[in-house]
Each structure stands twice: as C-alpha cells, then as structure tokens.
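Student: Handing you this structure, nothing more for now.
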Amino acid sequence: MLNVPSQSFPAPRSQQRVAAGGRSKVPLKQGRSLMDWIRLTKSGKDLTGLKGRLIEVTEEELKKHNKKDDCWVCIRGIISARFDIGFVYNVSPYMEYHPGGEDELMRAAGSDGTELFDQVHRWVNYESMLKECLVGRMAVKPTVLKDYREEEKKVLNGMLPKSQVTETLAKEGPSYPSYDWFQTDSLVTIAIYTKQKDINLDSIIVDHQDDSFRAETIIKDHLYLIHIGLSHEVQEDFSVRVIESVGKIEIVLKKKENTSWNFLGHPLENHHSLIPRKDTGLYYRKCQLISKEDVTHDTRLFCLMLPPSTHLQVPIGQHVYLRLPITGTEIVKPYTPISGSLFSEFKEPVLPNNKYIYFLIKIYPTGLFTPELDRLQIGDFVSVSSPEGNFKISAFQELEDLFLLAAGTGFTPMVKILNYALTDIPTLRKVKLMFFNKTEDDIIWRSQLEKLAFKDKRLDVEFVLSAPTSEWNGKQGHISPALLSEFFKRNLDKSKVLVCICGPVPFTEQGIRLLHDLNFSKNEIHSFTA
C-alpha cells in the first residue's frame, strides 16, 4: 500500500476542515478519493501529456507551466549544502484528488515545491504517488553542476584513503553506483544512487552497530557496500525507502543530538566498493527468539526478531544461515525463511519496518544443530546471516502455470512462493503442489493447505505418503514417472510454466531427471537445496 498523506501541502485556512485525527483536509468531489487516484494511475492513461517520454526540464521551461490545466512542480531541487537533483511532475491530473486543495498545489505551480511539501510530510513517498505524472529530471546549470562535482570530490577525498581515491573515481561511470548525504537539525539522510530500475526493499540490507554503519545494496550479481564509522551517535531505529523508478535508496538516521555534522564519518573495510556477490563473506546480526510452536510432532515454527538497528527482508526463494555456538564451536546451517502463515489475512504485514523472520525447522534428536536450537529459551539470541540464493523473482513474469514438488521440509521455500503466486501474479491460471511425506503426521500445515486450496480454486494439492496407515486413501509411494505424468500434465498451448522442486538430494536429482523426461526444459525448472 502506498504511504500517502491526507495532504501533501498545507491547505489555506479558508479551506481547512479538521479530520478526526486532527489533520487538515478539504472536501473532495465524489470519485476523487485516494483509491480513485490509485486506480487512475494504473489505468494506463497518459498523465504527463508527453506520451511516455521523459525530458530534461530547464528552469525557464518549468516557469511556463503555471496554470491549473498545465501545472508542473519540481520536488527535491538543489537544496542545502548537499545536492539532490530534483524531478518535475505534471500535477494537473492530481488537482481534484489533492486533500489539501487545488489552490495549495497552485502555490508551487511552475516552481520548486520542496519547502511546501516538507512543512507537512517530508517522509511521504511522493515518487510512488506521482510516478505516472513524472515529466523528467530538472536540468542543472553547468556552473552548479561544476560546484556539485567539486563538492563530491571533496567528500570522496575526505572519506576515502588516498590509495582508494584514484581507483574509485576511475571506476565511477554510468553503471557504477554512488552515494550522497544531507542533514536537517534532527536527521541525516544517506542517498544511494544505484542507477538500476529493478531495486526494491529486498535489495538493501542495513546494519548499525555502535558507530559502525553498513549498507549492502544488491545490484544484479554484485554487492555495493557503504561501510562507515559515523562521526556522531545516532538512535537505533531508522527508516529505509526505495524510489524504484529512479533506482534511489534513502536511509534516514535520527541524530542523538541536534548538532550539525561536518562530515558523515570515516571509511571502514571495503567502503564504497562494488564486489561480486560470490566474493563477499556473509555478515551476521544477532536476532532474538520471540516464539516457538509445534507444527508437527518433530517440526517447529521459530519466530526471530531482527535488531532495531537492522533492515533486512529476505527475497523469495533465498535462504540465510543460522549460527550457534555449540561445544565451543560455531555451527552454521542454511534455512529458508517463510511467511508466518499461508493466509495473507493472518500472516505478518509486509512492511518496510517488518522485523520478524519465521523458520520451519525439523528437529533431529540425534543431530548436532537442531537439538541445540530447540533448547533455546524465549529471549535467547541466534545469529542470522545476510541472504543468498540464485532464484530470481523475474521467473514469475507472465507465468501461467506453476508446479511445485516438495518432500518433507523441502516445503519451506514453497511457502513464500505460494503466497506470492496466488496474490501477485495476475497471469497465473493454476498452481499444483505435490507434497511427499512419510506419514500423515509428517505433513506440514496440512489443514492450511487444504483450506487454501478450497478458498482458491487455482490451487491443487496432492499429498503422497511413503509409509501410510491402512486408513490412508490418498496417493502412495515415492517420486516416480507415473505420479508426475498424471499430476503435471502440460497444456498443449505451450503456456509459460515454472517447476520448483525441493527435498533431499536424491529426491531432487530424481525429480529433475523425470521432469526432463516429461519435456520440461532446463529453463522451466528451479531446484532448491533442502
């Protein structure tokens, strides 16, 4: 959901109406609510008048568009001692939807409306709300751009060891990410310019411990690292937002004292570097055990809470490592985080400040790691790594048929995939899950799966048991050509298909061979490691 305010600019006193929450609003015409605006932006209509083109807007051009039916506004022009090149929006289509009133928007017509915007709701994600109204970037005068570059060089020279300066500036180019920072009396904002359009909240991991601040941005197969010893103390909590349309990330820190910072901080290991992900070590943070509940006779649902000084959202299909000290040695095991439930109305909210990670873990009594994990008490800590994995959410693009093969706890990567597929893939026609277990008591979330299949007719679930009781009326046996060919029949129209498989290694290897025999191509199969 968009984080959209009741008003973006303060309304004139003559128009003000006080809402229940104490916020000032003006009455809107019928059919001009926030949801109506969202529907309009998704309708495909040209809201800029430029037929999809983006242009560079000069100050002189901006001034010309100062009428209600032709109103352009710049937000985040060149401000303060730091620099942030602003974007220009055609807000004429938004006039009737603006809770602060048309007259208030007109106060910024043909000019920079940043100051008006910041008076009320600086934190609002106006890039999302107005993204279909984007005209283009504000042009920068050559003299200002020169000052900007000189200032940028000063920051780099002041923050990087001399040995890194030449190398870093040499690497700077069209595709190399960069960062900047600016401040108010109480806040410090670090802006990361990824120069990519597929960046989202899953792409950024932030950890702040003591005076060490690190932000890892995943850019395709690389990781861009900002690693700084901050020059002043900040509070534990912070906010992160992503402007996907321009590939910009903003991390807003709260100062402990309202003092002006002369510089952001001093560089730490690998600061301002772009590293292949395969060459980066995993970074761990301590997470607190919040709850633990039985799912089956030997499987537990663990809920861990991230530190308040961490932002981490594990992408769908990726895993993390849990680390525990056991008999004087740190033992590490990979696990795939899941949603707290298969039902969207019951699961934890997917918000930027979401602090909980769930794991479904089978406890092996004779094992080394899981019994120790199971002995943890509520309030104890477990170290959790940054995520890794090669599954790409782009595999879901225009997907029509999704087939899932899981054995035992190989079901865990399927949880988020099911959630996402049934709620966020508009082209999806059907999902088929074949779930292999030993006995009925081993089936994870059986009732939830059955309820979900009843609720959503696109989902078909088949349970297969290798050691059932005589009362079992369902499928029996192990993975085989007969079982797969009966359940995973392909449509003759060559629809876009994805098959995900996870279980013990022999199960996965056999499953892939059988899927190839059924004419599923390599590109249509993704295997996870259980």
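Student: In this structure, is F435 in contact (Cβ under 8 Å) with a residue 12 or more places away in the chain, touching a Phe, Trp or Tyr at 6+ places or on another chain (Cβ under 8 Å) and under 24 Å from V320 (Cα atoms)? It would help to see each step written out before you state the result.
Tutor: Values: in contact (Cβ under 8 Å) with a residue 12 or more places away in the chain: yes; touching a Phe, Trp or Tyr at 6+ places or on another chain (Cβ under 8 Å): yes; under 24 Å from V320 (Cα atoms): yes.
For F435, the condition - in contact (Cβ under 8 Å) with a residue 12 or more places away in the chain, touching a Phe, Trp or Tyr at 6+ places or on another chain (Cβ under 8 Å) and under 24 Å from V320 (Cα atoms) - is met.
Student: I would also like to ask the following. Determine the pairs where a residue that is surrounded by fewer than 17 Cβ atoms within 10 Å (Cβ to Cβ), located within the range 376-390, has a partner that is part of a loop (DSSP other than H, G, I, E, B) with Cβ atoms under 9 Å apart, the partner being 6 or more residues away or on another chain.
Tutor: Listed by first residue and then by second, the contacts come to N390/G317; N390/Q318.
Student: Take I361 and decide whether it is of a type in the set (A, V, I, L, M) and modelled with pLDDT under 95.
Tutor: Working: of a type in the set (A, V, I, L, M): yes; modelled with pLDDT under 95: no.
So I361 fails the test.
Student: Answer with yes or no whether S470 is of a type in the set (G, A, S), in contact with a helix residue (DSSP H, G or I) (Cβ under 9 Å, 6 or more places away or on another chain) and over 22 Å from K392 (Cβ atoms).
Tutor: On the way: of a type in the set (G, A, S): yes; in contact with a helix residue (DSSP H, G or I) (Cβ under 9 Å, 6 or more places away or on another chain): no; over 22 Å from K392 (Cβ atoms): yes.
Spelling it out, it is not the case that S470 is of a type in the set (G, A, S), in contact with a helix residue (DSSP H, G or I) (Cβ under 9 Å, 6 or more places away or on another chain) and over 22 Å from K392 (Cβ atoms).
Student: Any chance you could count how many residues in the range 437-461 are surrounded by fewer than 14 Cβ atoms within 10 Å (Cβ to Cβ), hydrophobic (A, V, I, L, M, F, W, C) and over 18 Å from F403 (Cα atoms)?
Tutor: Final tally of qualifying residues: 0.
Student: L399 passes all but one of (1) closer than 26 Å to D202 by Cα; (2) assigned to a helix (DSSP H, G or I); (3) in contact with a Lys or Arg (Cβ under 8 Å, 6 or more places away or on another chain); which number fails?
Tutor: It fails just one condition, (2).
Student: Which ranges mark the strands (runs of 3 or more DSSP E) fully within the range 176-249 that have 3 or more residues being surrounded by fewer than 16 Cβ atoms within 10 Å (Cβ to Cβ)? Step through it out loud before you land on a result.
Tutor: Values: elements: 178-183, 187-193, 204-209, 212-219, 222-230, 234-243.
Those strands (runs of 3 or more DSSP E) span 234-243.
Student: Still on this structure: Being touching a residue at least 24 places away in the same chain (Cβ under 8 Å), assigned to a loop (DSSP other than H, G, I, E, B) and of a type in the set (F, W, Y), is that true of even one residue in the range 252-263?
Tutor: Within the range 252-263, one or more residues are touching a residue at least 24 places away in the same chain (Cβ under 8 Å), assigned to a loop (DSSP other than H, G, I, E, B) and of a type in the set (F, W, Y).
Student: Another question, if that's okay. If you check N270 against the conditions, is it out of contact with any strand residue (DSSP E or B) (no Cβ under 6 Å at 6 or more places or on another chain) and either over 23 Å from I393 (Cβ atoms) or not assigned by TED's automatic domain parsing to the domain that holds S309 (or both)?
Tutor: Values: out of contact with any strand residue (DSSP E or B) (no Cβ under 6 Å at 6 or more places or on another chain): no; either over 23 Å from I393 (Cβ atoms) or not assigned by TED's automatic domain parsing to the domain that holds S309 (or both): yes.
Criteria not met by N270.
Student: If I ask for residues that are farther than 30 Å from V252 by Cα and either out of contact with any helix residue (DSSP H, G or I) (no Cβ under 8 Å at 6 or more places or on another chain) or buried (at least 16 other Cβ atoms within 10 Å of the Cβ) (or both), which ones from the range 299-332 would you list?
Tutor: Let us first name the residues in the range 299-332 that are farther than 30 Å from V252 by Cα, namely 299-302, 324-332.
Correct list: T299, R300, L301, F302, L324, P325, T327, G328, T329, E330, V332.
Student: I've got another one for you. Of a type in the set (A, V, I, L, M), surrounded by 13 or more Cβ atoms within 10 Å (Cβ to Cβ) and assigned to a strand (DSSP E or B): which single residue out of V415, V464 fits that description? Spell out how you get there, then give the answer.
Tutor: Values: V415 fails: assigned to a strand (DSSP E or B).
Step by step, each of V415, V464 is checked, and only V464 is of a type in the set (A, V, I, L, M), surrounded by 13 or more Cβ atoms within 10 Å (Cβ to Cβ) and assigned to a strand (DSSP E or B).
The values are calculated or read from the model by the stated rules, or taken from the named source; none is laboratory data. Remember, predicted model here, so these are calculated numbers, not experimental data. For neighbour counting, all protein chains shown are included, and Cβ atoms are generated from backbone atoms with ideal geometry for every residue, glycine included.
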